[in-house]
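Trainee: This is the structure I have questions about; it appears just below.
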Amino acid sequence: MVKENIKIENLSKSYPEGEDRRIVLDDCSFTIEAGKMTSLVGKSGSGKTTILNLLGGLMPADQGHIYLDGEDITTYSENELDDYRAEKIGFIFQDFELIEDFTVEENICLVSDLYPKERNQKRLNELLQHLELTDLKDHLPSQLSGGEKQRTAIARALYPSPSLVLADEPTGNLDRIRSKQVFDLLRENCFLFDQTILVVTHDLSLAKQADQILVLEDGKVSRYESD
Ligand SMILES: Nc1ncnc2c1ncn2[C@@H]1O[C@H](COP(=O)(O)OP(=O)(O)OP(=O)(O)O)[C@@H](O)[C@H]1O
Ligand SMILES: [Mg+2]
């Protein structure tokens, strides 16, 4: 099956601000190429996390459509959104959102363990190794550094090989070498599993390594091909 690009049409989102509303996305239309890595850049507060949350079905848009695999997810019911998130989306949250009472390994396998799939020990071990987490797999999040938490969150998102990975500043807490390794890992996953990856980053040199770059400014998204 040829994968379809993700199409975003006339997307708007605002938040309440006092008596008024703050418009974050203003009638945006853009495309994210299937099976490619796309970076999303923009100033702090420009709405990058908002875009990821909308694509991940974590919040409703004010208006507009998001077509993924030919379906408009803005028309989904809560149950359909639950299935969509579980089956298709890997989310790397800006603030990790690890479960404190679960070990690194349990956090990584959490969502998949809820579904009737066999645990893929080989894949788990590979990810632990790639992300230098093997020796930490029995640790609790409270025993991890910021970068180690971030790498756990990355492993959790990649483990089920979702078709769309939404990565919110996945290298924000990592040093240069590890940031590059994480970017390379995302790239490799994109290639191996034919994943579509949307990655938010402040680091322009990393952003340029993606296949295309989306720039969010004043509520609008512009798209550039990477050279
Ligand atoms: N739940 C909310 N309620 C009200 N305002 C919000 C809410 N979430 C985000 N905002 C506002 O919307 C704007 C966009 O927020 P968003 O988190 O999407 O930005 P961002 O580009 O991800 O920023 P950063 O680079 O700092 O993570 C900000 O001005 C923020 O204050
Ligand atoms: Mg953000």
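Trainee: Looking at (1) assigned to a loop (DSSP other than H, G, I, E, B); (2) within 14 Å of ligand 1 (Cβ to nearest atom); (3) under 17 Å from the mean Cα position of the chain (by Cα); (4) closer than 17 Å to residue 12 by Cα, which is the only condition residue 53 fails?
Mentor: (1)
Trainee: A further question follows. All but one of (1) surrounded by fewer than 17 Cβ atoms within 10 Å (Cβ to Cβ); (2) more than 13 Å from ligand 1 (Cβ to nearest atom); (3) not basic (Lys, Arg) hold for residue 18; state the number of the condition that does not hold.
Mentor: If we test residue 18 against (1) surrounded by fewer than 17 Cβ atoms within 10 Å (Cβ to Cβ); (2) more than 13 Å from ligand 1 (Cβ to nearest atom); (3) not basic (Lys, Arg), just (2) comes out false.
Trainee: Exactly one condition in (1) in contact (Cβ under 8 Å) with a residue 40 or more places away in the chain; (2) away from ligand 1 (no atom under 16 Å from the Cβ); (3) open to solvent by 50 Å² or more (accessible area, probe 1.4 Å) is not met by residue 98; state its number.
Mentor: Checking residue 98 against (1) in contact (Cβ under 8 Å) with a residue 40 or more places away in the chain; (2) away from ligand 1 (no atom under 16 Å from the Cβ); (3) open to solvent by 50 Å² or more (accessible area, probe 1.4 Å), the one that fails is (3).
Trainee: Run residue 46 past the list (1) polar (S, T, N, Q); (2) under 28 Å from residue 133 (Cα atoms); (3) within 11 Å of ligand 1 (Cβ to nearest atom) and report the number of the one that doesn't hold.
Mentor: All conditions are met except number (2).
Trainee: Before we move on, is residue 64 surrounded by fewer than 20 Cβ atoms within 10 Å (Cβ to Cβ), more than 30 Å from residue 182 (Cα to Cα) and in contact with a helix residue (DSSP H, G or I) (Cβ under 9 Å, 6 or more places away or on another chain)?
Mentor: Against the criterion (surrounded by fewer than 20 Cβ atoms within 10 Å (Cβ to Cβ), more than 30 Å from residue 182 (Cα to Cα) and in contact with a helix residue (DSSP H, G or I) (Cβ under 9 Å, 6 or more places away or on another chain)), residue 64 qualifies.
Trainee: Taking residue 200 as meeting all but one of (1) away from ligand 1 (no atom under 16 Å from the Cβ); (2) touching a strand residue (DSSP E or B) at 6+ places or on another chain (Cβ under 7 Å), write down the number of the exception.
Mentor: (1)
Trainee: Just give me the residues in the range 21-50 being in a helix (DSSP H, G or I) and open to solvent by less than 20 Å² (accessible area, probe 1.4 Å), in sequence order. Working first, answer last.
Mentor: Just the residues of the range 21-50 that are in a helix (DSSP H, G or I), to begin with: 48-50.
Those that are in a helix (DSSP H, G or I) and open to solvent by less than 20 Å² (accessible area, probe 1.4 Å): 48, 50.
Let's see how each residue does on (1) polar (S, T, N, Q); (2) within 16 Å of ligand 2 (Cβ to nearest atom); (3) more than 10 Å from residue 37 (Cα to Cα):
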| residue | (1), (2), (3) |
| --- | --- |
| 180 | no, no, yes |
| 185 | no, no, yes |
| 201 | yes, yes, yes |
| 205 | yes, no, yes |
| 208 | no, no, yes |
| 212 | yes, no, no |
| 221 | no, yes, yes |
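Trainee: Follow-up question, since we're still on this one. Would you check if residue 74 is more than 16 Å from ligand 1 (Cβ to nearest atom), at pLDDT 95 or above and outside any strand (DSSP E or B)?
Mentor: Yes: the conditions hold for residue 74.
Trainee: Right, here's the next one. Looking at residue 7, is it surrounded by fewer than 18 Cβ atoms within 10 Å (Cβ to Cβ), within 13 Å of ligand 1 (Cβ to nearest atom) and in contact (Cβ under 8 Å) with a residue 24 or more places away in the chain?
Mentor: The answer is no for residue 7.
The values are calculated or read from the model by the stated rules, or taken from the named source; none is laboratory data. Every value quoted in this text rests on a predicted model; they were computed, and no experiment measured them. Neighbour counts run over all protein chains shown; Cβ positions are idealised from the backbone, glycine included. Areas reflect the complete protein model, heavy atoms only, side chains present, ligands, DNA and RNA absent. Shrake-Rupley method; radii C 1.70, N 1.55, O 1.52, S 1.80 Å.
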